[in-house]
Amino acid sequence: MSFKVVKSGFLTTVQDYGRLSHGKHGMSQSGVMDEHAYCWGNHLLNNHFNDATVEITFGGVELETQIDTFIAVTGADLNFKINNRPVQMWHGIRVFKGDVLSWGNPKKGIRAYLAVKGGFNTSVLFDSRSVNLRENIGNKLCDGDQLPCVGHDEEVYQFIPPKYIPNYSQDITLRLLPSYQFNEFSINQRDLFFNQTYTITNANDRTGCRLSGAPIVIKKERMISEGISYGSVEIATDGLPIILLKDAPSIGGYPKIGTVFSLDLAKLAQRQPNSKLRFELISIRDAQKERKKFNDFFEIGF
């Protein structure tokens, strides 16, 4: 039993919470780009927090349901329809064998998520079902592919209070935890970084997001490559930031002014090129408190 891929779209992949235990082997974290939308999708269906979903980037996707089950669609508004009729997102939806699910062009946001009751049962590679094309782990979906899952009759008509549904059209502020290299940037450089509005460029994918703005003057000395983490903000040789995302490599050689708070990266995952953003500092205590609240609500833990 499965969903059949009729049209695969621009970039459609299976993603779960991520490949968290193989950084020491040089592997990326991988996993869903928008953790907020992903977690709500699974929560609406009473799924495990790590159940695999389909991440749909920019739409153009059509799936045929080959079982009776429940689904939830969250994230970007990509003109989601069932049997060519618009359907409300962010709540549990009953689907039947033969139904056709489709996602068109983006209205708001970039990435939509299809969660199914019980999750998608694709291959587990290095302890995760997440696809990482840069590392040749798994493949993006192609026309004719099958997405295996198990049918369910349990009714799950839960919905999300409107206040928790994000507005993907708003400019965003990313909260930054200073790195150990923070003080290597002069006060003037830090002021320039925090007091300007950056623009998201077209160089924006699952590996990282390049920003344009007034460049920071940095030393031209070469660095020895070192370990880097999801959300690290590197300052490249042109003086402009690169925010590292889920499929970024595990080492890098640019100086890092800090790391974006993990929950804010979900907002970045939904912003299209030319969107505006700013940075502000957050304390480790405040970040841990907010992170714990999120993890406890969605029962995230390994």
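The values are calculated or read from the model by the stated rules, or taken from the named source; none is laboratory data. Note that this is a predicted model, so its numbers are computed, not measured. FYI the Cβ positions are ideal-geometry reconstructions off the backbone, even for glycines, and counts take in every protein chain you see.
Structure values in brief
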{"quantity": "Selection within region 86-100 - surrounded by fewer than 18 Cβ atoms within 10 Å (Cβ to Cβ), part of a strand (DSSP E or B) and in contact with a strand residue (DSSP E or B) (Cβ under 9 Å, 6 or more places away or on another chain)", "calculated": "H91, R94, V100"}
{"quantity": "Residue within region 73-85 that is among the acidic types (D, E), outside any loop (DSSP other than H, G, I, E, B) and within 18 Å of the chain's Cα centre (by Cα) present", "calculated": "yes"}
{"quantity": "Matching residues, region 200-214, being part of a strand (DSSP E or B), surrounded by 13 or more Cβ atoms within 10 Å (Cβ to Cβ) and among the polar types (S, T, N, Q)", "calculated": "T201, N204, S212"}
{"quantity": "Number of the exception - S229 against (1) more than 20 Å from S30 (Cα to Cα); (2) at pLDDT below 95; (3) surrounded by fewer than 17 Cβ atoms within 10 Å (Cβ to Cβ); (4) touching a helix residue (DSSP H, G or I) at 6+ places or on another chain (Cβ under 9 Å)", "calculated": "(1)"}
{"quantity": "The listed residue being more than 20 Å from R134 (Cβ to Cβ) and in contact (Cβ under 8 Å) with a residue 60 or more places away in the chain, out of R291, R271, R285", "calculated": "R271"}
{"quantity": "Total residues in region 51-65, condition outside any strand (DSSP E or B) and surrounded by fewer than 18 Cβ atoms within 10 Å (Cβ to Cβ)", "calculated": "0"}
{"quantity": "Of residues in region 138-157 being exposed (fewer than 13 other Cβ atoms within 10 Å of the Cβ) and at pLDDT below 90, the one farthest from S2 (Cα to Cα)", "calculated": "Y157"}
{"quantity": "Residue within region 101-114 that is crowded, with 17+ Cβ neighbours inside 10 Å and over 22 Å from F58 (Cβ atoms) present", "calculated": "no"}
{"quantity": "Residue within region 71-80 that is touching an Asp or Glu at 6+ places or on another chain (Cβ under 7 Å), more than 15 Å from L147 (Cα to Cα) and buried (at least 20 other Cβ atoms within 10 Å of the Cβ) present", "calculated": "yes"}
{"quantity": "Of residues in region 119-137 being surrounded by fewer than 19 Cβ atoms within 10 Å (Cβ to Cβ) and in contact with a strand residue (DSSP E or B) (Cβ under 8 Å, 6 or more places away or on another chain), the one farthest from F58 (Cα to Cα)", "calculated": "F126"}
{"quantity": "Residues located in region 158-196, provided they are surrounded by 12 or more Cβ atoms within 10 Å (Cβ to Cβ), of a type in the set (S, T, Y) and touching a residue at least 60 places away in the same chain (Cβ under 8 Å)", "calculated": "Y168, S169, T173, S179"}
{"quantity": "Residue within region 42-49 that is closer than 13 Å to S130 by Cα, among the polar types (S, T, N, Q) and not in a loop (DSSP other than H, G, I, E, B) present", "calculated": "no"}
{"quantity": "Qualifying positions in region 147-188 - assigned to a loop (DSSP other than H, G, I, E, B) and β-branched (V, I, T)", "calculated": "V150, V156, I160, I165"}
